[in-house]
Each structure stands twice: as structure tokens, then as C-alpha cells.
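One structure is given below, encoded as C-alpha cells.
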Amino acid sequence: MQKSKAKNGWLVILALSLFPFLPWLTLRPLSERFADGWTTATSLGQLAGLVGMAMFGLAIILSARTKWLDKHFAGLNIVYIKHHQVGAISFVLLLLHPLLLAVKYGQTSWHLAAQFFLPSANLPLNYGKASLVLMILLLLLTFYVRLPYQIWKLSHKFLGLAYFLAILHLLFISSDTSQSLVLKGYLLLISLLALAAVFYRVVDSKALVKSCQYRVEAVNRISGAVVEIIMKPAGGEMSYNPGQFVFIAFDQDGFRERHPFTISSAGNGLSVAVKGLGDYTSKLPDLKIGTSASIEGPYGQFSYHHSVNKKQVWLAGGIGITPFLSMARSLGDSSDYDIDLIYCSNNAGEAVFIDELKSLAETRSWFRVHGFFSDEQGKISADIISKITGGLKERDFFLCGPPGMMGAIKTQLKNYDIPSELLHSEEFAMI
């Protein structure tokens with residue numbers, strides 16, 4: 001079901017992206033558009049601009065972080081993956097747009113073609129050039145520079161400005177768009193929805209985005225760099241499913257930026273387990289008891305409830321144990337399940353919740369916990385999983401851990417003819 005939603009969501013994005021091609025076809029005969037190399041380059045440049053503009057708007061809409069997207073695209077983590085993919089494709093298309101259009105000037109002079117990229121007296125054209133330059137700078141930062149989360153988030157806000165300049169270019173440039181009411185209306189609709197998404201998240205998110213208020217009750221250092229933050233509701237309590245995640249802003253200096261955290265609790269308040277991997281997360285042990293926490297969510301569809309088989313393998317790598325901790329704590333007496341949890345870490349000392357998990361397993365014969373330590377046993381593999389669990393068939397697999405580990409295991413499981421709809425992974429990444 002969840003895999004089908006993600007696939008259907010991608011097909012919807014693809015259809016919405018390619019729709020401008022249809023009204024474009026009606027404006028001129030194809031024999032004119034592709035008469036020779038020069039006109040073909042111009043036509044491809046126009047298509048790249050139209051489809052790229054639609055995809056740019058859709059990428060912004062996908063970043064809006066709404067419950068609707070979370071529900072209909074099989075989880076917000078999948079939505080963010082699609083956001084990155086659509087944004088990258090739109091960037092390539094919008095970069096090709098002026099390059100292909102400049103080719104026609106090469107008939108006269110390549111010097112004239114080069115001048116096409118410089119500022120001119122044509123204001124609508126300058127809007128497009130400014131938008132492209134700003135987009136190039138921002139996306140180069142996104143894809144090739146590992147920015148701190150706060151700086152990355154700030155840089156993403158300026159993509160809204162790049163998009164606004166692109167809209168001005170679209171509205172006022174003399175082109176196929178100005179000749180087709182359907183084409184212009186469609187792109188304007190996408191643009192308005194994208195600008196609404198920018199306003200929703202950037203301009204007035206506190207007023208428009210619903211959040212629940214909690215207070216920090218305890219900050220427990222579990223082991224090394226891992227802490228579990230336990231919170232209690234200060235008003236209405238948020239309802240969530242095990243395996244979901246939330247965005248939290250703490251009302252304390254240095255912690256007011258909203259960050260994503262996977263839920264580790266199973267009702268009776270809200271807890272998140274976090275490993276200090278950066279400037280922000282490393283400071284979390286300094287949170288003060290009683291600090292207010294604004295919680296947005298929950299999001300995500302990563303849950304043992306969303307499965308084909310009751311017989312399951314849960315594979316956790318490092319702090320990727322967090323959603324499984326929430327699931328294990330919520331199991332109760334669900335004896336119709338048959339679950340093997342394989343907890344991978346470098347060594348036993350890094351398997352920070354393994355004692356609690358094994359204690360839970362002692363009272364549930366159908367829930368088994370296996371520690372796997374790479375310093376002693378090497379890398380986990382589908383072969384090893386099969387040996388530990390007694391086979392791979394007729395099981396659902398839930399994976400959460402380092403991207404390299406999850407990618408390798410999914411590839412190996414597919415080589416065992418495990419259908420993709422039985423493979424569930426939590427691949428949340430903001431950048």
C-alpha cells in the first residue's frame with residue numbers, strides 16, 4: 001500500500017511536470033519547430049524552460065511539509081526525497097533553457113550568443129538571468145557544500161526569491177507562454193501554489209502551522225553521545241504512531257531552530273533519542289528541565305503496521321534503532337507478529353538500548369533481539385540476516401540506519417527476489 005502511494009505520487013508529479021508540453025504542441029506545427037538544427041535547439045530550449053519551471057514550482061510545493069503530502073506520498077521522508085530529485089531535474093532543465101536558446105545566435109556570431117547571457121535592456125530577460133544565477137549559487141551550496149543546518153535552511157529561503165524572479169520572467173517575456181492562455185494559466189497556477197507554500201513555511205509558519213506544546217521533563221544521557229529527551233504535554237497531547245518523527249523547537253537559546261527527531265516513546269508523553277553528530281545535537285544535553293518545546297507533526301509512514309506480512313525483520317544501524325525502540329515499546333501482547341530485530345553497531349558498547357530491548361524480548365517469545373557488531377563480525381549482509389532469522393521468504397523488512405548500509409542490504413535482498421513492496425526504509429534527510 002505505502003509503496004503504491006509513493007509510486008502514484010511520483011507519477012502525479014511527472015504528469016504535472018510534463019503537462020506544459022501539450023498546449024505548447026498546439027501553437028505551431030512540429031515541422032516548423034524541428035525544421036533544422038537551429039530551430040530544434042530553440043524548441044528544446046523552450047520545452048526545457050516550460051517543464052523546468054513547472055518542476056521548480058512542484059519542488060517548492062513538496063517542501064511545504066504538510067500532513068496531506070505525508071499521507072498521500074507514503075511519508076514525509078519520501079516527499080523530501082522527491083523534493084530533492086525534482087529540484088535537481090528542474091535545475092538542469094532551467095540551466096539548459098538559456099543554453100539551447102542561445103544556440104540560434106550562433107548562426108550569426110558565437111560572440112553574439114555569448115552576449116545573450118549578459119545583462120541587457122530587456123528587463124523580463126534580466127529577471128530570468130538573475131533567477132538562474134541565484135539558483136545556481138544556492139543549489140551549488142546545497143549539493144556540494146556541507147552547510148550547518150541553520151545556514152542551509154536560510155539559503156533555501158532565498159530559493160523563493162529565485163522562483164519569484166523566474167515568475168516575473170515567465171509573465172513578461174514575449175514567448176509561447178504569452179500566446180497560450182492555457183499554458184500561461186497552468187504555469188501561473190503552479191506558481192501561485194508554490195508561492196503559497198513559501199508563505200506557509202517561510203513568511204508566517206508560526207501562525208499557520210499547527211503545533212503542540214510540551215515541556216522537557218528529563219534529559220537522560222544513555223551512553224556516550226546519545227541522549228533521550230523526555231517531554232510531557234503542556235496542553236493538548238499529540239497522537240502519534242510508533243516509528244513516526246516530529247519537528248521540535250525548544251524555547252531556549254541555541255535551540256529555537258526547528259529540527260527533525262524520530263520518536264522513541266510509545267505513548268504516555270513524548271520522547272526522542274538523539275546522537276550528538278553536529279553542533280546542534282551535541283548541545284542537546286544542555287537542555288534545561290522545564291524548557292518549553294513546540295512540537296510539529298507527527299509525520300512518516302514507517303511502521304510495522306504498514307506491512308504485508310506479520311513475520312518481519314527489523315534491521316537497525318547505530319542511532320537508526322530509534323524508530324524500532326518506539327515500535328518495540330508499543331508491541332504489548334501482539335502475539336500474531338513474529339519479529340527479529342537485528343541491532344547493528346561497531347561494538348556492544350555502542351548498542352545503547354540493547355539491554356532494554358532484550359528485556360522486552362524476554363517476555364515475548366515472538367520478538368527476538370540480535371546484536372551484530374561489525375568490529376568482531378564484519379559487515380551485515382542478506383546472507384547473515386538469513387542465517388540469523390532462518391530464512392528471508394514471506395517476511396517484511398524494515399531498515400533504518402546509515403544510507404550505505406540500507407542501500408547495500410536492499411540490493412542484496414532484491415537479488416534474493418524479495419519484492420520491493422516488502423522493503424521499508426526510513427531514509428529521512430533534510431539535505
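The values are calculated or read from the model by the stated rules, or taken from the named source; none is laboratory data. All values reported here derive from a predicted model rather than from experimental measurement. When we count neighbours, we look across all protein chains shown, and the Cβ atoms used for this are built from the backbone with ideal geometry, even at glycine. The protein model used for the area step is the full one, side chains on, heavy atoms only, and it has no ligands, DNA or RNA in it. Shrake-Rupley method; radii C 1.70, N 1.55, O 1.52, S 1.80 Å.
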*Tell me which lysines have Cα within less than 18 Å of LYS393's Cα, excluding those fewer than 8 residues away on the same chain?*
LYS310, LYS311, LYS410, LYS414
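Only loop residues by DSSP count here, and only those with at most 14 other Cβ atoms within 10 Å; note down the trypsin sites (Lys or Arg not before Pro) in the range 302-388 that meet that. Write out the running numbers ahead of the final one.
Details: sites: LYS310, LYS311, ARG329, LYS358, ARG364, ARG368, LYS379, LYS387; in loops: LYS310, ARG364, LYS379.
Answer in residue order: LYS379.
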_Students often forget the sequence filter, so: which lysines lie under 27 Å Cα-Cα from LYS288 once same-chain residues fewer than 8 apart are removed?_
LYS153, LYS206, LYS210, LYS232, LYS275
*Sequence neighbours fewer than 8 away in the same chain don't count; with that in mind, list the lysines whose C-alpha is under 16 Å from LYS7.*
LYS71, LYS82
*Label-point separation in nm, LEU137 to GLU257, each point 7 Å along Cα→Cβ*: 2.0
*Accessible area of LEU315 in the full protein assembly, 1.4 Å probe (Å², nearest 10)*: 0
*In the full protein assembly as shown, how much of VAL133 is accessible to a 1.4 Å probe, in Å² to the nearest 10?*
90
*Leaving out ligands, DNA and RNA but keeping every protein chain, what accessible area does ILE319 have, in Å² rounded to the nearest 10, with a 1.4 Å probe?*
50
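What number comes out for accessible area per residue over the chain if the probe is 1.4 Å? Units Å², please. It would help to have the intermediate numbers written out before the result.
Numbers: 20240 Å² over 431 residues.
It amounts to 47 Å² per residue over the chain.
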_Can you give the FRET efficiency to the nearest 0.05 for ALA196 and GLN85, using r as the Cβ-Cβ distance and R₀ = 30 Å?_
0.85
_Sites TYR105 and VAL182, calculated FRET efficiency, Cβ-Cβ separation with R0 25 Å, nearest 0.05_ = 0.25
*Residue of SER211, SER178, SER131 that the Gaussian network model of the chain assigns the largest fluctuation, springs spanning Cα pairs under 10 Å*: SER178
_Can you compute the modelled spin-label distance between LEU95 and SER335, with each label point 7 Å from Cα toward Cβ, in nm?_
6.0
*asked:* Between GLU356 and ILE222, what is 0.36 nm times their sequence separation minus the Cα-Cα distance? Round to one decimal in nm.
replied: 47.1 nm
*Estimated 222 nm signal from helices in the chain, with DSSP H stretches of n ≥ 4 weighted -39500 (n - 2.57), rounded to 500*: -15000 deg cm²/dmol
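Of SER365, SER271, which has the most accessible area with a 1.4 Å probe, and how do the rest follow in descending order?
Values: SER365 100, SER271 10 Å².
Output order, biggest surface exposure first: SER365, SER271.
So, R0 is 45 Å and r is the distance between the beta-carbons of LYS379 and LEU189; what FRET efficiency does that work out to, to 0.05? Please list the in-between numbers first.
On the way: r = 49 Å, r/R0 = 1.09.
Here the calculated transfer efficiency is 0.35.
Taking a temperature of 4 °C and a viscosity of 1.567 mPa s, what whole-number D in µm²/s does Stokes-Einstein yield for the chain with Rh from Kirkwood over alpha carbon pairs? Could you put the intermediate results ahead of the total?
Numbers: Rh = 24.2 Å.
Value of D from the Cα-based Kirkwood radius: 54 µm²/s.
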*If you roll a 1.4 Å probe over the range 299-431 with all protein chains in place, what percent of the accessible area is carbon or sulfur?*
48
*Points 7 angstrom from Cα along the Cβ direction at ALA408 and LYS67: gap in nanometres?*
4.0
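Starting from the Cα-Cα distance between VAL308 and TYR280, subtract it from 0.36 nm times their residue separation and give me the gain in nm to one decimal.
Details: separation 28, 0.36 × 28 = 10.08 nm, distance 3.80 nm.
Additional length available on full extension: 6.3 nm.
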